[in-house]
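Student: Below is a structure I'd like to ask you about.
The values are calculated or read from the model by the stated rules, or taken from the named source; none is laboratory data. As the structure is a computational prediction, the values presented were derived from the model and not from experiment. Note that each Cβ is placed from the backbone with ideal geometry, even for glycine, and that neighbours are counted across all protein chains shown.
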């Protein structure tokens with residue numbers, strides 16, 4: 001049996017004992033792979049390797065990662081996301097691009113959100129960050145009046161106003177940032193009782209991030225999520241300009257944030 005391969009109990013339960021035994025015996029185990037986390041080559045013969053099972057509504061895909069990057073686990077994604085992951089694994093997807101704002105759909109009002117990824121210096125340490133900004137004012141679900149309720153809604157959900165950019169935002173229980181196949185897929189919010197987590201924000205197409213951002217996120221195993229009303233941040237082309245925009249939004253009292261664990265890879 002392969003002593004270099006890690007198969008978690010949850011992965012073993014999902015794929016079955018027979019398939020797990022074949023993997024551990026090396027019968028169905030590839031000798032090499034591209035790590036689903038850091039996207040660099042790995043060897044199941046010479047490096048400790050984690051099995052990562054991506055599970056959709058109808059499809060499941062088994063991938064591999066350096067054990068030093070992530071543990072063996074199940075990553076639950078939508079069927080659309082897993083089909084994208086299949087295309088990535090088979091080499092059909094295009095090359096990654098720099099992170100940029102991307103439209104997304106949030107809640108039943110079909111609110112369009114822009115998301116930008118960047119690294120933010122908090123104290124003397126770099127942190128991976130996601131900045132969320134709507135394309136326009138966000139009304140409270142069910143209301144017919146005007147006004148922008150984006151920040152009040154987030155504060156009610158547990159986000160806190162940012163008064164000091166040198167302080168790391170507090171964790172927000174139940175929320176997480178979903179990475180799959182090295183790309184950003186969604187921000188997940190707490191599920192209803194007995195259900196899987198649901199997407200608060202979900203990319204139309206998986207959002208590529210820089211190698212530096214992904215490495216920092218994997219090391220921290222968390223992401224700082226900032227949010228501001230429409231027109232507060234903008235799509236900044238450089239991280240220093242993004243930081244300047246965040247500082248200005250915080251000074252104007254229109255920035256909220258939370259720290260969320262990194263789910264998946």
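Student: Checking the conditions here, which among 258, 250 is part of a helix (DSSP H, G or I), assigned by TED's automatic domain parsing to the domain that holds residue 172, modelled with pLDDT of 95 or more and under 18 Å from residue 172 (Cβ atoms)?
Tutor: So the residue among 258, 250 that is part of a helix (DSSP H, G or I), assigned by TED's automatic domain parsing to the domain that holds residue 172, modelled with pLDDT of 95 or more and under 18 Å from residue 172 (Cβ atoms) is 250.
Student: Keeping to the range 122-137, report how many residues are in contact with a strand residue (DSSP E or B) (Cβ under 6 Å, 6 or more places away or on another chain) and at pLDDT below 85.
Tutor: 1
Student: When the residues of the range 138-148 are filtered to those that are surrounded by 12 or more Cβ atoms within 10 Å (Cβ to Cβ) and more than 25 Å from the chain's Cα centre (by Cα), which remaining residue is modelled with the lowest pLDDT?
Tutor: 140
Student: In the range 205-218, is there at least one residue being in contact with a helix residue (DSSP H, G or I) (Cβ under 9 Å, 6 or more places away or on another chain) and surrounded by fewer than 17 Cβ atoms within 10 Å (Cβ to Cβ)?
Tutor: The answer is yes, given that some residue of the range 205-218 is in contact with a helix residue (DSSP H, G or I) (Cβ under 9 Å, 6 or more places away or on another chain) and surrounded by fewer than 17 Cβ atoms within 10 Å (Cβ to Cβ).
Student: Go through the range 234-247 and give me each residue that's under 20 Å from residue 136 (Cβ atoms) and outside any helix (DSSP H, G or I).
Tutor: Those that are under 20 Å from residue 136 (Cβ atoms) and outside any helix (DSSP H, G or I): 234, 235, 236.
Student: Scan the range 239-249 and give yes if some residue there is under 14 Å from the mean Cα position of the chain (by Cα) and either farther than 15 Å from residue 126 by Cβ or free of Cβ contacts under 8 Å to residues at least 12 places away in the same chain (or both), otherwise no.
Tutor: no
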